[in-house]
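Undergrad: Before anything else, here's the structure in question.
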Amino acid sequence: MPSSSDDMEQIRSWIRFACEVNGVPELAEMIVVEWNNRFTRKLADALHSPSRNLARIRLSIPLWPRATEQQRRDTVIHETCHVIVFRQYPTARSHGSEWKEAMLNCGVEPVPSHSVDRTGLIRRQRRFVLVDCPQTEKCGIGTRIFARLKRGE
């Protein structure tokens, strides 16, 4: 994990701030922060699943150290606003008007992407399995989907 306990406290404070200014302070303690070593294109993502009572923000291990303090703050607030909007408006579009309003409430420009330098990062190659297809001779599908097909899912 790339951050110290001070960094994690800073991340938690940004989450609390975004939740408070958007009127859902109780949500801040429900959000779990996780680190992901596979993210080389995105700095973070968010998930809110009411059926599983799950609210999660995942942060990129490779990109986090490359981001400025402002990019880190804006990203954590960005993803927290997704969780807030997912909770309040389950059918809202990901970067729709509700999300933009939540971002503006936090004083952050509602932009849907980051500009962290990714130069030199090694991307993991996706592995594919060739299977027989009715339309063509062979189709390449991802190994995860192939495993699910084999299990009958």
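The values are calculated or read from the model by the stated rules, or taken from the named source; none is laboratory data. Just so it is clear, the structure is predicted and the values come from calculations on it, not from any experiment. So basically every Cβ, Gly included, is an ideal-geometry build from the backbone, and we count neighbours across all protein chains shown. SASA here: full protein model, heavy atoms, side chains in, ligands and nucleic acids out. Shrake-Rupley method; radii C 1.70, N 1.55, O 1.52, S 1.80 Å.
Undergrad: Given I15, I77, I57, I31, which one is in contact with a Phe, Trp or Tyr (Cβ under 6 Å, 6 or more places away or on another chain) and at negative phi?
TA: After ruling out the rest, the residue left standing is I77.
Undergrad: Looking at I84, I61, can you tell me which residue is of a type in the set (V, I, T), touching a residue at least 12 places away in the same chain (Cβ under 8 Å), open to solvent by less than 40 Å² (accessible area, probe 1.4 Å) and over 14 Å from H114 (Cα atoms)?
TA: The unique qualifying residue is I84.
Undergrad: Collect the residues in region 1-11 that are aliphatic (A, V, I, L, M) and open to solvent by less than 70 Å² (accessible area, probe 1.4 Å), keeping them in residue-number order.
TA: Residues satisfying the conditions are M8, I11.
Undergrad: A follow-up question, please. Quickly run through region 64-107 and pick out the residues that are in contact with a strand residue (DSSP E or B) (Cβ under 9 Å, 6 or more places away or on another chain) and of a type in the set (A, V, I, L, M, F, W, C).
TA: W64, A67, V76, C81, V83, I84, V85, F86
Undergrad: Please state which one of R93, R72 is surrounded by 21 or more Cβ atoms within 10 Å (Cβ to Cβ) and basic (K, R).
TA: Being surrounded by 21 or more Cβ atoms within 10 Å (Cβ to Cβ) and basic (K, R) holds for just one of R93, R72, which is R72.
Undergrad: While we're looking at this one, here's another question. Scan region 59-79 for residues that are of a type outside the set (S, T, N, Q) and closer than 22 Å to N105 by Cα and jot them down.
TA: E69, R72, R73, D74, V76, I77, H78, E79, listed by residue number.
Undergrad: Need pairs with beta-carbon distance below 7 Å; first residue farther than 17 Å from S49 by Cβ and in contact (Cβ under 8 Å) with a residue 60 or more places away in the chain and within region 88-109, second open to solvent by 10 Å² or more (accessible area, probe 1.4 Å) and not in a helix (DSSP H, G or I); sequence gap 6+ or separate chains.
TA: Filtered contacts from region 88-109: A102/N22; N105/N22.
Undergrad: For region 11-20, which residues satisfy the criterion of being over 10 Å from T80 (Cβ atoms) and in contact (Cβ under 8 Å) with a residue 12 or more places away in the chain?
TA: R12
Undergrad: How many residues does region 12-58 contain that are under 18 Å from N105 (Cα atoms), surrounded by 16 or more Cβ atoms within 10 Å (Cβ to Cβ) and in contact with a Lys or Arg (Cβ under 8 Å, 6 or more places away or on another chain)?
TA: Summing the residues that are under 18 Å from N105 (Cα atoms), surrounded by 16 or more Cβ atoms within 10 Å (Cβ to Cβ) and in contact with a Lys or Arg (Cβ under 8 Å, 6 or more places away or on another chain) in region 12-58 gives 4.
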